[in-house]
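What follows is a single structure, written as structure tokens, with notes after it.
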Amino acid sequence: MKQLTIAGDIAADAEVRKLLSDLGIEAWTRLPRAAGRGPRTGAREDDHVWPGYNAVTLAVVDDAVAARALDALRAFRDAHPKAGLFAWTTPVDAAL
């Protein structure tokens, strides 16, 4: 199993969740207001100097699903570079 972590502009959040749903990923946790800085998009600190913020979505999925999700997220990121999408996986030893 893998934990899939996805961070990106809140404006792309609904599209990211639809992408997950299309992949059959129905269980996830969303952190709706996260500050961050990306190499392509700059800072999003949710303040007057760096307006905007990110959302972070976490899901624990099978390895094969994680690989398909990363491929789909990569395609989405390439088509929408201003979304500042960044995703990664980490191993999950156990989950309940």
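Each value in this text was obtained by applying a stated rule to the coordinates, not by laboratory testing. Just so we're clear, the structure is a prediction, and the values are computed from it rather than from any experiment. So basically every Cβ, Gly included, is an ideal-geometry build from the backbone, and we count neighbours across all protein chains shown.
Give the label of the value calculated from the structure for Cα Rg over 2.2 N^0.38 Å, choosing from [x] 1.07; [y] 1.62; [z] 1.16.
[x]
Taking only C-alpha pairs under 8 Å that are 6+ residues apart, what is the relative contact order of the chain in percent?
Values: 159 pairs, mean separation 43.9, N = 96.
Over the chain, the number comes to 46 percent.
On a 0 to 90° scale, report how tilted helix 13-22 is relative to the longest principal axis of the chain, with both axes built from alpha carbons and the result rounded to the nearest 10.
20
List the residues of segment 17-42 whose backbone N lies under 12 Å from a point placed 7 Å from the Cα of Leu70 along the Cα-to-Cβ direction.
Residues passing the 12 Å test: none.
Among Ile25, His80, Val61, pick out the residue whose Cα is farthest towards the positive end of the charge dipole of the chain, where Lys and Arg carry +1 and Asp and Glu carry -1 on C-beta, about the Cα centre.
Farthest towards the positive end: His80.
Grab the beta carbon distance between Ser21 and Trp50, set R0 = 41 Å, and tell me the FRET efficiency rounded to 0.05.
FRET efficiency, Ser21 to Trp50: 0.85.
Helix 63-79 versus the longest principal axis of the chain: what angle, 0 to 90°, nearest 10, using Cα atoms?
30
Mind checking the dipole of the chain: about its Cα centre, +1 per Lys or Arg Cβ, -1 per Asp or Glu Cβ, Debye to the nearest 20?
Working: 12 positive and 13 negative charges, 44 e Å.
Charge dipole of the chain: 220 debye, to the nearest 20.
Per the helix-only calculation at 222 nm, which mean residue ellipticity applies to the chain, given -39500 (n - 2.57) for every DSSP H run of n ≥ 4 and division by its residues, nearest 500 deg cm²/dmol? List each step's numbers first, then the result.
Working: 2 runs with 27 residues, N = 96.
Here the helix-only value at 222 nm equals -9000 deg cm²/dmol.
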